[in-house]
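As structure tokens, the structure follows; a few thoughts come after it.
The values are calculated or read from the model by the stated rules, or taken from the named source; none is laboratory data. Bear in mind the structure is a predicted one, so any value in this text is a computation, not a measurement. Positions of Cβ are backbone-derived with ideal geometry, glycine not excepted, and every protein chain shown enters the neighbour counts. Please note that ligands, DNA and RNA were not included when accessible areas were found on the heavy atoms of the full protein model with its side chains. Shrake-Rupley method; radii C 1.70, N 1.55, O 1.52, S 1.80 Å.
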Amino acid sequence: QIPKDYKNVAKVLRLSGFKYFWEIMFPAAVPYIFTGLRIGIGPSWLAIVAAEMLVGGVGIGFFIWDSYNSSQLPEIIVALIYVGLVGLILDRLVGFIASLVIPSEENQ
């Protein structure tokens with residue numbers, strides 16, 4: 001989804017393959033890369049918690065599983081809130097980094 005104008009400028013300037021990649025393709029792909037990171041960080045965080053439930057011994061996943069087996073509902077609720085907050089913080093952190101790296105439409 002590189003704009004046609006960018007491709008035309010690259011042809012006029014006769015950019016090499018390496019320069020074309022770093023100056024045209026990569027900057028055009030960065031917004032999509034950060035979108036993928038934001039989408040992928042949630043399921044990966046949940047997979048880590050689920051793996052801790054299976055392996056046992058350490059981590060928030062083990063804590064949730066142990067609390068479930070001990071029927072300690074308040075501890076489960078607190079742990080689930082913690083999992084949600086960490087997921088939210090990770091998402092906002094990637095979004096903040098993206099806002100620093102990707103120029104906004106107003107600045108262009």
Requested in this report: Would you please list the contacts, defined by Cβ atoms under 6 Å and residues six or more apart or on different chains, that run from a residue in the range 69-97 that is on the phi > 0 side of the Ramachandran plot to a residue that is open to solvent by less than 80 Å² (accessible area, probe 1.4 Å)?
Outcome: none
Requested in this report: Scan the range 30-49 for residues that are touching a Gly at 6+ places or on another chain (Cβ under 6 Å) and of a type in the set (A, V, I, L, M) and jot them down.
Outcome: V49
Query raised in the report: If you take just the helices (runs of 4 or more DSSP H) that sit entirely in the range 1-80, which of them hold at least 1 residues that are farther than 30 Å from V101 by Cα and open to solvent by less than 80 Å² (accessible area, probe 1.4 Å)?
Result: 26-55, 60-69
